[in-house]
There are 2 protein chains.
Amino acid sequence: MKIVEMRIVPVAMADPPLRSAFGLHAPYALRTIVQLKTDDGLTGLGETYGGAIPLRDLEAARERVIGQDPWHLTRIEAAIAGDPTAAPNKDRPWEGTLSSPVQSYSPIEVACLDIIGKATGRPVADLLGGRYRSAVPFSAYLFYKHAGIGGTDGLADASIAARERDDYLAREALSPEGIVRQAEDFVRLFGFKSIKLKGGVLEPDREAATILAMREAFGPEMPLRIDPNCVWSVETSIRIGLELAGTLEYYEDPTDGKANMAEVARHVPIPLATNMCTTSWSDIPETVERGAIHILLSDHHLWGGLMPTVKLAQLCRVFGWGVSMHSNSHLGISLMAMAHVAAAIPNLTYACDTHYPWQVEEVIAGGKRRFEEGHIMIDDTPGLGVELDEDALARLHEQYRKAGLAKRDDVAEMQKIQPGWQPVRW
Amino acid sequence: MKIVEMRIVPVAMADPPLRSAFGLHAPYALRTIVQLKTDDGLTGLGETYGGAIPLRDLEAARERVIGQDPWHLTRIEAAIAGDPTAAPNKDRPWEGTLSSPVQSYSPIEVACLDIIGKATGRPVADLLGGRYRSAVPFSAYLFYKHAGIGGTDGLADASIAARERDDYLAREALSPEGIVRQAEDFVRLFGFKSIKLKGGVLEPDREAATILAMREAFGPEMPLRIDPNCVWSVETSIRIGLELAGTLEYYEDPTDGKANMAEVARHVPIPLATNMCTTSWSDIPETVERGAIHILLSDHHLWGGLMPTVKLAQLCRVFGWGVSMHSNSHLGISLMAMAHVAAAIPNLTYACDTHYPWQVEEVIAGGKRRFEEGHIMIDDTPGLGVELDEDALARLHEQYRKAGLAKRDDVAEMQKIQPGWQPVRW
C-alpha cells in the first residue's frame, strides 16, 4: 500500500470570545485538515494546528510522505522528524506552530492510522494496544468570556440548537456566578462529570472564589480543576493553592517553569498538572529531576502522534505521574483522535480536556459528535470513525481565506477591546 | 475475533556446556511454547522462559486469556498483570521465572500480535510502528565453554552441519586463544559484525586478555563487548575498564547494582550497558537518578512483550541511553519476535545479542533460521513468519519430560564437574 496523495486544507471556524491569560480568542480559530489517499483507494484524516506556519511545514513534508507505505510509520516519522537515534529536538515553541517537525508528523501519523484502521476493519484504538475502555471521559472546560458566539455572530445555526446558543455559548461569564451558570449548562447539556476552569484572567482571589462557588453549587463529589496558564507567581500559586487544597482535583500550570512548579509542589498538597512546563520529550529529564509535576496533560498534536502518546503514558506510569489530556480549539477529527488514543491508555487517570463544546461548526459528515454522559464512545467503526463533509470543509476553508488570520494572536485580539492590554503576572 | 484455545508446551533443547558467572549450562535448556487459537481459525505463537514456574503461571493465566479479542491487548495485559494505573510491580526476580505477571503476559502478547499479523497480512514489525529496517543486526555471542555439544552428546545431527559441530559447538574454549577461534567460526559461519564475550568466568585479567586477543585478531573495526554478569567489584571493574577503554564498544554489567554501576561510570570512559541493573519499569527512576547506565539491553520476555519494548526504547531515547537487546537460550519463535521488535525500533543503536547459534534443535517448520551476514531479515510474511513443526515440538516436549529439570540451576551443574563450586566475586 502506498500513499499517493496528501491534501492539506487550512480552515477557520467560529470561536466565541473566550478569555485566557494570553488575551482573547479571535472570532475564528484556525485548524489544518490533512487527508491522505492510498493507491488502493483508502483515505485517512488528520487535524492539527492552523495558520501559515503549520500549513507551510505540512506542504514541505508532502514530498516525504508521498510514496510511503502508511504502515511504515517509523520510516515516515524519520523522514519528517529526522534522525530517531538523536536526542529529542529541544527547539520547539510551546504550542501553536508546527515549526517543530514532531508536530508536523502528528496529523500524518493520525491519517495513516485512520487508513490502517479502514484496511483492517478496526478502530484506531485497537491499533494502539487495543481499547482499554469504550467510553472516554471528557471534562467540562469553562472559560471566562465576553458575550457573543464568535464568527460573524450571524452564524447560521444549522449545527447548533438555539437553546444551547442562548445558554453558555452567547452569554457573558466574567464572574463566579457567570461561571457557575456556564458550568450548570455544560453539566446539563453534555453530562460532564468533572470541571476545568481556564484561569489567569481575573484577579487570583476572584478565580479562587469561582472555584469555591462551583464547589458550593456542585457539592463535594464534582472534581474541579483550575489552569492559570503559568501567570501566577510562586507566592500567589502557593497562597491560592493552600486555599484550594481539598477542593481541587488537580492544579494545572499555576506558575511557569520547572523550578517554580517544583517549588509550588513542595508547599501545596494538590497534584500539579502541566501542559506548559513539560511539552516535549526533551523536557522529561529535568522534569523528573526537579520533581516538578504529578500529572502530565498529554496532547498528540504536540507530542508527535497517537503512538508517541501511548509511549508517553507508559513513561508517566514509570515516574508515578497521572495522565490527563490537553486541548486546543478543535474539530471532530481531533476529537476522535483524542478519544481513540485515550481509549487505548489504561492509565488515563483523569477525564480529558476538550474545547469541542465551544465550536459550533464542523468538517465531518453528520455534524458535531455528541457526548454521552460526558463521554465519547469508541465502537467497532474502522479507523477514526469520521468522514469529511466536503461542503462543510469548503465553507470553512473559504472562511479561512476571508478571515485573513495567519496565526493565533490573543493579545492583539484583546487590545481591540482594551487598547494597550498586555498579559498580567499576578 | 476471540481466543478459544491456549496451548502451553514445555520443551527442553540440547544446550552446550557454556560457562558464565552463574556456573555451567545444563545439557538441556528449558523453554515454554505458547500457541493461541481464535474462533476464526487463526493461530499465534509465543515463546518464553522454561521450567515449572513459568508453566504454572501460564496455566494460571489461561482462563484470563480465553474469550478475549487478541486486538484488545491492554485488556489482556490488565487481566494478567493487574491494575495498569498502579506503579509498576517491584517484586520481580531478575530473570528465569514468570512469577512476575509482566513476564507471563509477554508470550501471550507475542502470540496475539502473530494472530493480528496473520489477520491483516502484515509482519509483526508493522504492528509495532512499522519496519524501520528490514535487516536486523545480531552480534556473535561467545562463551568460555567445555568440550561437548550438550543434550545426550549423541544428538542426531539432522539439524546441523557436521562442520559446524566440529567447529565451535563441540570444541572447548577456556582460553583467549580458544575464544578467538570460536569468534572466527562465528564470523565465518554467520557473518556477525560485532562480538560479545560472556565474562565473569576466568580471572578478570585473563578475560581482558581475551578481549585484547580478539582486537588483535579482528582489527580495530570490529565492535567488542564483555559481560561479566555483575561479579566484578567496583575496583576490578574500574581497573579492567580503564585497561579496555578504547577497545570495548560497551561494557555490560561489570558490577552489581545501580550505585556500583554509577561509580564505575564515573571512572571508566566506556558506555555501560545493562540487563541486570535495570530489569523492570520500577528500576527506571533510580537508574535515571544515579546515572547508572548508558545503554539498556531490552528483552521482550522480561519487560512484558513487544509493544512494551517499543515504549521502553522511546524512554531510552528520552534519557539519552542507547538500545541493545539481551538474550537467553531460545528457539526460533523468540528469535523472530526479537527481530520483529528490533526492526520497529529506530533507535536500536547496537546489534542484538542472541544465543541462537548455540542451539541445534528447533520447533519451527523448516528448521533453524539462517543469519544473512549477521542479520535476520524481516520480509512481508504475515505475523512472526514462523509455524510449528509438530513433530519437532513433540520431540522437544518428550525431551523436557525426560530431562527432569524444573528450573535452570547453573551452580548445581557446575558442581557436578567441580564439587563445592560457588560463584566467585573478583
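The values are calculated or read from the model by the stated rules, or taken from the named source; none is laboratory data. What you are looking at is a predicted structure, and each value in this text was computed from that prediction instead of being measured. Cβ placement follows ideal geometry from the backbone for every residue including glycine, while neighbour counts extend to all protein chains displayed. Keep in mind that these areas ignore ligands, DNA and RNA; they rest on the heavy atoms of the full protein, side chains included. Shrake-Rupley method; radii C 1.70, N 1.55, O 1.52, S 1.80 Å.
Are there any pairs, at least 6 apart or on different chains, whose C-beta atoms fall under 6 Å, with the first in the range B:116-144 and over 21 Å from B:L348 (Cβ atoms) and in contact (Cβ under 8 Å) with a residue 24 or more places away in the chain and the second basic (K, R) and surrounded by 24 or more Cβ atoms within 10 Å (Cβ to Cβ), and if so, which?
As it stands, the answer is B:F143/B:K198, since those pairs meet every condition given.
Looking for something over 25 Å from B:S20 (Cα atoms) and either not assigned by TED's automatic domain parsing to the domain that holds B:N229 or not in a loop (DSSP other than H, G, I, E, B) (or both) - is there at least one such residue anywhere in the range B:360-371?
Among the residues of the range B:360-371, at least one is over 25 Å from B:S20 (Cα atoms) and either not assigned by TED's automatic domain parsing to the domain that holds B:N229 or not in a loop (DSSP other than H, G, I, E, B) (or both), which makes the answer yes.
For the range A:413-426, what are the residues that are exposed (fewer than 14 other Cβ atoms within 10 Å of the Cβ) and hydrophobic (A, V, I, L, M, F, W, C)?
A:I417, A:V424
Go through the range A:269-283 and give me each residue that's within 14 Å of chain B (Cβ to nearest Cβ), β-branched (V, I, T) and without any contact (Cβ under 8 Å) to a residue 60 or more places away in the chain.
A:T278
Give the residues of the range B:28-48 that are touching a strand residue (DSSP E or B) at 6+ places or on another chain (Cβ under 7 Å) and not β-branched (V, I, T), sorted by residue number. Lay out the reasoning, then the answer.
Taking the range B:28-48 first, the residues touching a strand residue (DSSP E or B) at 6+ places or on another chain (Cβ under 7 Å) are B:28-39, B:43-48.
Result: B:Y28, B:A29, B:L30, B:R31, B:Q35, B:L36, B:K37, B:D39, B:G44, B:L45, B:G46, B:E47.
Applying the selection to the range A:357-392, what residues are open to solvent by less than 10 Å² (accessible area, probe 1.4 Å), away from chain B (no Cβ under 14 Å) and in contact (Cβ under 8 Å) with a residue 40 or more places away in the chain?
Passing the criteria: A:P357, A:W358, A:Q359, A:V360, A:E361, A:V363, A:G374, A:I376, A:L384, A:V386.
Of the residues A:A343, A:A351, A:A313, only one is farther than 30 Å from B:T279 by Cβ, in contact with a Ser or Thr (Cβ under 9 Å, 6 or more places away or on another chain) and facing another protein chain (nearest Cβ under 10 Å); which?
On inspection, the qualifying residue turns out to be A:A343.
Applying the selection to the range A:2-34, what residues are closer than 13 Å to A:C112 by Cα and in a loop (DSSP other than H, G, I, E, B)?
The answer is A:K2, and nothing else.
Give the range A:117-139 a look and list any residue that's open to solvent by 10 Å² or more (accessible area, probe 1.4 Å) and of a type in the set (V, I, T), or say none.
Listed by number, the list holds a single entry, A:T120.
If we scan the range A:146-163, do we find a residue that is of a type in the set (S, T, Y) and at pLDDT below 90?
Checked the range A:146-163: at least one residue is of a type in the set (S, T, Y) and at pLDDT below 90.
Pairs under 8 Å by beta carbon, first residue acidic (D, E) in the range A:186-213, partner open to solvent by 20 Å² or more (accessible area, probe 1.4 Å), six or more apart or different chains?
Going by the 8 Å Cβ cut-off, the qualifying pairs are A:E203/A:W426.
Scanning for something more than 14 Å from every other protein chain (Cβ to nearest Cβ), open to solvent by 40 Å² or more (accessible area, probe 1.4 Å) and more than 19 Å from the chain's Cα centre (by Cα), does the range A:230-241 turn up at least one residue?
yes
I'd like to know if the range B:388-409 contains one or more residues that are under 17 Å from the mean Cα position of the chain (by Cα), outside the structural domain of B:I8 (by TED's automatic domain parsing) and more than 30 Å from B:L312 (Cα to Cα).
Looking through the range B:388-409, none of the residues is under 17 Å from the mean Cα position of the chain (by Cα), outside the structural domain of B:I8 (by TED's automatic domain parsing) and more than 30 Å from B:L312 (Cα to Cα).
Return yes when B:P107 is at pLDDT 95 or above, in contact with a helix residue (DSSP H, G or I) (Cβ under 9 Å, 6 or more places away or on another chain), in a helix (DSSP H, G or I) and open to solvent by less than 40 Å² (accessible area, probe 1.4 Å) and no when it is not.
Yes.
List pairs: first residue in the range A:311-322 and closer than 12 Å to A:L348 by Cα, second residue open to solvent by less than 30 Å² (accessible area, probe 1.4 Å) and of a type outside the set (A, V, I, L, M, F, W, C) anywhere in the structure, Cβ distance under 6 angstrom, at least six positions apart or on different chains.
Once the first residue is closer than 12 Å to A:L348 by Cα and sits in the range A:311-322, its partners that are open to solvent by less than 30 Å² (accessible area, probe 1.4 Å) and of a type outside the set (A, V, I, L, M, F, W, C) give A:L312/A:S298; A:A313/A:N347; A:R317/A:N347.
Restricting to the range A:35-69, give me the number of residues that are out of contact with any helix residue (DSSP H, G or I) (no Cβ under 9 Å at 6 or more places or on another chain), outside any helix (DSSP H, G or I) and within 23 Å of A:E387 (Cβ to Cβ).
Total satisfying the criteria: 3.
Within the range B:269-292, can you find the residues that are touching a strand residue (DSSP E or B) at 6+ places or on another chain (Cβ under 8 Å) and open to solvent by 10 Å² or more (accessible area, probe 1.4 Å)?
B:P271
Given the criterion crowded, with 24+ Cβ neighbours inside 10 Å, touching a residue at least 24 places away in the same chain (Cβ under 8 Å) and not charged (D, E, K, R), identify the matching residue among B:L348, B:L405.
The match here is B:L348.
Starting from the range B:2-26, keep only residues that are more than 24 Å from B:L42 (Cβ to Cβ), then list their pairs with residues that are among the basic types (K, R) and open to solvent by less than 10 Å² (accessible area, probe 1.4 Å) whose Cβ atoms are within a distance under 8 Å, requiring at least 6 positions of separation or different chains.
B:A12/B:R31; B:M13/B:R31; B:P16/B:K145; B:P17/B:K145; B:L18/B:K145; B:R19/B:K145
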